[in-house]
Amino acid sequence: MTFDVEKNLSAALIGLEKIDMRNMPVPELGPFDVLVNVKVTGICGSDVHFFKHNRILHLEVTEPLVLGHESAGVVVAIGSQVTRVNVNDRVAIEPGVTCRTCEMCKSGQYNLCPHCKFAATPPTHGTLCNYYVHPEDFIFKLPDDISLEEGALVEPLSVGMYAVERANVKPGDVVLVLGAGPVGLLTCAAAKAAGAAQVIIADLIPSRLEFAKTYATDTQLLLDRPEKGEPNFEYARRTSTQIIQKLGQQADTVLDCTGAETCVQMAVLLTKSGGSAVLVGLGATTQTLPVVDITVRQVNVKGVFRYCNVSPVSIVRAYPRAISMLTKGNIDVKPLITHTYPIEKSQEALLHATNGSDGAIKIQVINDQ
Amino acid sequence: MVYQTNTAAVLYQAHDLRMEERPIETPGNGEVLINIRATGICGSDLHYYLDGTMGPLKLDPSAPMILGHEASGIVAQLGSGVTELKIGDRVAIEPGRGCQECRYCKQDGGEYNLCPKMKFLGSLRQGPNDGSLRRYASFPAYLCHKMPESMSYEDGALIEPLSVAVYAVDRTPVKQESIVAVLGAGPVGLLTAAAAFAQGAKSVLILDINASRLEFASKYLPNIETMLLPKIASLDEAQQQSEKIQKAFDSQEIDVTFECTGVVVCVNMAVHLTRPGGSVMLIGLGKPSTIMPTNAIITKQVNIQGNFRYANSYPKSIQLVQQEKIPLNGLVTHRFALEDTLKAFELAKQNAEGVMKIQIGDF
């Protein structure tokens, strides 16, 4: 079953900071596939990075690539063997399709599947389009009281929830999050939901902290910029000392949601002995870490790569767990949506996400076709 | 033999180690006086001897320190209130006195090794704390673990480094069927490999740049696999070498890698050698900051853990030796009398072939 090619308007990256709105073919619908009319797509830092540089590390965009991976939409067709959703269902799309047969997939840590095809990671096209074909086991129905805009935030919320899981946040914990972008904020929300007694957020940008004041944080710390020529480690040491003085203690866990070397270093320095520094933000290939704190104070360092299953009690996919947090009102993601653009203006949307002006937090692209 | 005097090896500053007579301390409440019979030398002891420092702390000649912390001995006298030990008990000494009040000491005593006020034998922190390189020392009875009759003083003094290995392995996911790699075939690496086998590891691969150390490893643990490493100059080379090693090792996916050298390229190799979702345990202490492959740490979700000494590990370690699940024979290659402590340190300094663990004492 195929749809008319002319109707699949897609935002394809064709050069540096260049989006071409073009019609892309819609793949054949396999028996276990779902055809989704994508309605809302959030822009993520990785989309911005590909937009700006046409690459992330060794992943190069050498051919036109449709961007976007944080999406929700409406089911318009289902394959012959699909049982999980029906036509007209409103759904969230989990963008990484894994092989389901390797050891990683079979043991539950499918985010580490070496054969994963992830939307908008070359060569797999993304979801900033009209029609997207996707296997049913990566499609999740949204309850009636959850909007498609919220559905498109399930992706970054899943990152935040999985990060909190990896950090092993327990009731009563003191949690510090570095970076008040969408992932940092959603990580704070997830930490609160996991029972953290105090959630502290730190950032360089005052307006981001103003927003954070209203959103899932107890304390907001404004970090000053490094002095001219100041080595990263000097900055990290002195800033950590200041923070410890201010808080009166280190944190049970620190989650870095920036990827900046200074923050990665601070994450280790600010974690209590025996605790975990969790690295969510992806930065440079190599970074200098205070390894003496890792050994002598037994500070664990754990990375977070996307999400898979959460909850130590019973294994549950991150996506439905995140959706359930939205329905129970435990986490409200709506305040993060600061700007929207129609799909025809995808280029403008990406430019705005790139420069982050006007207090932008989460920019979403809306498709009304 | 009962000594009337207390000969001690006292370090004043780097390369200034003097044998002196010290008073024999009367054991206080809850303490026992031990006639120390064996003390092993560890890399940190050697570092004190060569450099007179530990991290930011520097030895002050006006407050010299007796070295040594890997010790065993026999109880010579009881302080008041001691009920668990009697005179003549042979003990392995756990050299770290925690404050017993902080959250690390109190939390079921589970992480007392992280006590910020820890007073550790032969260490400058919260010190100087006189160590075990002396004839007699008084020490808390609760830190003196009874050795089985069959255990020699030599073995008893090896319980300290063995506890490091046992504690480190226990904190990682090593279990039945695990595939393990160990970087560094010195005493800590060897004991870690032994502890990994005792924990059920299916195979253990040990890597070193020194062929004779690998030969020693094969004799010490017949089931171990060894691989000789070239000297690696860059981080890129470290990554390439890791890929070569994985291919050579039957492409078995390594679940846990123990880093027992502290060398930067090895710390990086540890991450590249380990499979996605696996763990790296850093035991070796090198420079305070090290460049690390953070991108690989994140995208492979290789969990990084660090190890500092041990907690509640002595009884388990003693038991593992008694049950012959962990061999110790052959590890001690050189023995010196206490009076010859200086000779022992000079030998340790040479880093010569055929020297594994040096012990000092009256065996």
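The values are calculated or read from the model by the stated rules, or taken from the named source; none is laboratory data. Nothing here was measured: the structure is a model prediction, and the numbers come from that model. Cβ sites come from the backbone with ideal geometry, for glycine too, and all protein chains shown count toward neighbours.
Only residues that are in contact with a helix residue (DSSP H, G or I) (Cβ under 7 Å, 6 or more places away or on another chain), surrounded by fewer than 24 Cβ atoms within 10 Å (Cβ to Cβ) and outside any helix (DSSP H, G or I) were counted in the stretch B:152-185, giving 0.
Of a type outside the set (Phe, Trp, Tyr), in the same structural domain as B:Ala195 (by TED's automatic domain parsing) and farther than 16 Å from B:Leu183 by Cα: is that true of B:Ser218 in this structure? Taking the combined requirement at face value, the residue does not satisfy it.
Does the stretch B:121-140 contain any residue that is more than 14 Å from every other protein chain (Cβ to nearest Cβ) and out of contact with any strand residue (DSSP E or B) (no Cβ under 8 Å at 6 or more places or on another chain)? Within the stretch B:121-140 (the criterion being more than 14 Å from every other protein chain (Cβ to nearest Cβ) and out of contact with any strand residue (DSSP E or B) (no Cβ under 8 Å at 6 or more places or on another chain)), the answer is no, since none of the residues qualifies. Being under 30 Å from A:Phe118 (Cα atoms) and not charged (D, E, K, R) is a condition met by at least one residue of the stretch B:305-326. Residue count for the stretch A:140-156, restricted to those that are out of contact with any Pro (no Cβ under 7 Å at 6 or more places or on another chain), surrounded by fewer than 23 Cβ atoms within 10 Å (Cβ to Cβ) and of a type outside the set (Gly, Ala, Ser): 8. Restricted to the stretch B:247-363, the set of strands (runs of 3 or more DSSP E) holding at least 3 residues that are closer than 23 Å to B:His15 by Cα comprises B:332-336, B:357-361. Just one of (1) hydroxyl-bearing (Ser, Thr, Tyr); (2) under 30 Å from A:Leu13 (Cα atoms); (3) surrounded by fewer than 23 Cβ atoms within 10 Å (Cβ to Cβ) fails for A:Tyr307. It is (3).
Yes/no matrix, rows are residues, columns are (1) modelled with pLDDT of 95 or more; (2) within 30 Å of A:Tyr319 (Cβ to Cβ); (3) buried (at least 21 other Cβ atoms within 10 Å of the Cβ); (4) not acidic (Asp, Glu):
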{"position": "A:Ala190", "(1), (2), (3), (4)": "yes, yes, yes, yes"}
{"position": "A:Leu223", "(1), (2), (3), (4)": "yes, no, no, yes"}
{"position": "A:Glu227", "(1), (2), (3), (4)": "no, no, no, no"}
{"position": "A:Glu230", "(1), (2), (3), (4)": "yes, no, no, no"}
{"position": "A:Thr241", "(1), (2), (3), (4)": "yes, no, no, yes"}
{"position": "A:Asp252", "(1), (2), (3), (4)": "yes, yes, yes, no"}
{"position": "A:Asp256", "(1), (2), (3), (4)": "yes, yes, yes, no"}
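Of the residues B:Ser203, B:Ser152, B:Ser178, the single one that is at negative phi and not assigned by TED's automatic domain parsing to the domain that holds B:Ser242 is B:Ser152.
With respect to the stated conditions, A:Val174 is within 14 Å of chain B (Cβ to nearest Cβ) and at pLDDT 95 or above.
When you scan the stretch B:187-204, do you find a residue that is within 18 Å of B:Val267 (Cβ to Cβ) and surrounded by fewer than 22 Cβ atoms within 10 Å (Cβ to Cβ), even just one? The answer is no, given that none of the residues of the stretch B:187-204 is within 18 Å of B:Val267 (Cβ to Cβ) and surrounded by fewer than 22 Cβ atoms within 10 Å (Cβ to Cβ). In summary, B:Leu190 fulfils each of the numbered conditions (1) over 19 Å from the mean Cα position of the chain (by Cα); (2) under 20 Å from B:Ala352 (Cα atoms) with the single exception of condition (1).
Conditions (1) aromatic (Phe, Trp, Tyr); (2) at pLDDT 95 or above; (3) outside the structural domain of B:Val180 (by TED's automatic domain parsing), marked per residue:
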residue	(1), (2), (3)
B:Leu282	no, yes, no
B:Leu285	no, no, no
B:Ile291	no, yes, no
B:Ile298	no, yes, no
B:Gln301	no, yes, no
B:Ser317	no, yes, yes
B:Ala337	no, yes, yes
B:Ala344	no, yes, yes
B:Leu347	no, yes, yes
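In summary, strands (runs of 3 or more DSSP E) completely within the stretch A:212-298 and bearing 1 or more residues that are more than 24 Å from B:Leu282 (Cβ to Cβ) occur at A:219-222. Of the residues making up the stretch B:111-131, those that are closer than 25 Å to B:Ala9 by Cα and part of a loop (DSSP other than H, G, I, E, B) are B:Lys117, B:Met118, B:Leu121, B:Gly122, B:Leu124, B:Arg125, B:Gln126, B:Gly127, B:Pro128, B:Asp130, B:Gly131. Close Cβ contacts (under 9 Å, 6 or more residues apart or on different chains) running from residues in the stretch A:285-303 that are more than 7 Å from chain B (Cβ to nearest Cβ) to residues that are outside any strand (DSSP E or B) comprise A:Asp293/A:Val268; A:Asp293/A:Leu269; A:Asp293/A:Val299; A:Asp293/B:Pro288.
Screening A:Gly281 with (1) of a type in the set (Gly, Ala, Ser); (2) more than 14 Å from chain B (Cβ to nearest Cβ); (3) out of contact with any His (no Cβ under 6 Å at 6 or more places or on another chain) gives one miss only, at (2). Based on this model, can you work out whether A:Val61 counts as farther than 22 Å from A:Asp368 by Cβ and either under 23 Å from the mean Cα position of the chain (by Cα) or outside the structural domain of A:Glu348 (by TED's automatic domain parsing) (or both)? Taking the combined requirement at face value, the residue satisfies it. Residue under question is B:Asn113, and the condition is that it be buried (at least 22 other Cβ atoms within 10 Å of the Cβ) and in the same structural domain as B:Ile326 (by TED's automatic domain parsing); does it hold? Considered against the rule, which asks whether it is buried (at least 22 other Cβ atoms within 10 Å of the Cβ) and in the same structural domain as B:Ile326 (by TED's automatic domain parsing), B:Asn113 comes out as yes. Number of residues in the stretch A:140-178 that are closer than 26 Å to A:Tyr110 by Cβ and in a loop (DSSP other than H, G, I, E, B) equals 8.
Residues that are surrounded by fewer than 17 Cβ atoms within 10 Å (Cβ to Cβ) and either farther than 16 Å from B:Leu191 by Cα or aliphatic (A, V, I, L, M) (or both) within the stretch B:316-346 comprise B:Arg335, B:Ala337, B:Glu339, B:Asp340, B:Leu342, B:Lys343, B:Glu346, listed in sequence order.
Every condition in (1) at the interface with another protein chain (Cβ under 8 Å from one of its Cβ atoms); (2) surrounded by fewer than 22 Cβ atoms within 10 Å (Cβ to Cβ); (3) not in a loop (DSSP other than H, G, I, E, B) holds for A:Arg321 except the one numbered (1). On the given criteria, is B:Ser138 surrounded by 22 or more Cβ atoms within 10 Å (Cβ to Cβ), assigned to a strand (DSSP E or B) and small (Gly, Ala, Ser)? No; evaluated as a whole, the condition is false for this residue.
Scanning the stretch B:299-314 for residues that are hydrophobic (A, V, I, L, M, F, W, C) and more than 17 Å from the chain's Cα centre (by Cα), we see that the one that is nearest to the other protein chains (Cβ to nearest Cβ) is B:Ile304. Among the residues of the stretch B:252-281, those that are within 11 Å of another protein chain (Cβ to nearest Cβ) and under 14 Å from B:Asn307 (Cα atoms) comprise B:Glu259, B:Gly262, B:Val267, B:Ser279, B:Val280, B:Met281. Report, by residue number, each residue of the stretch B:54-87 that is among the β-branched types (Val, Ile, Thr) and assigned to a strand (DSSP E or B). Scanning the stretch B:54-87 gives B:Ile66, B:Ile74, B:Val75.
Out of all the residues in the stretch A:216-234, is one or more farther than 19 Å from A:Ile294 by Cβ, among the hydroxyl-bearing types (Ser, Thr, Tyr) and within 24 Å of the chain's Cα centre (by Cα)? Checked the stretch A:216-234: at least one residue is farther than 19 Å from A:Ile294 by Cβ, among the hydroxyl-bearing types (Ser, Thr, Tyr) and within 24 Å of the chain's Cα centre (by Cα).
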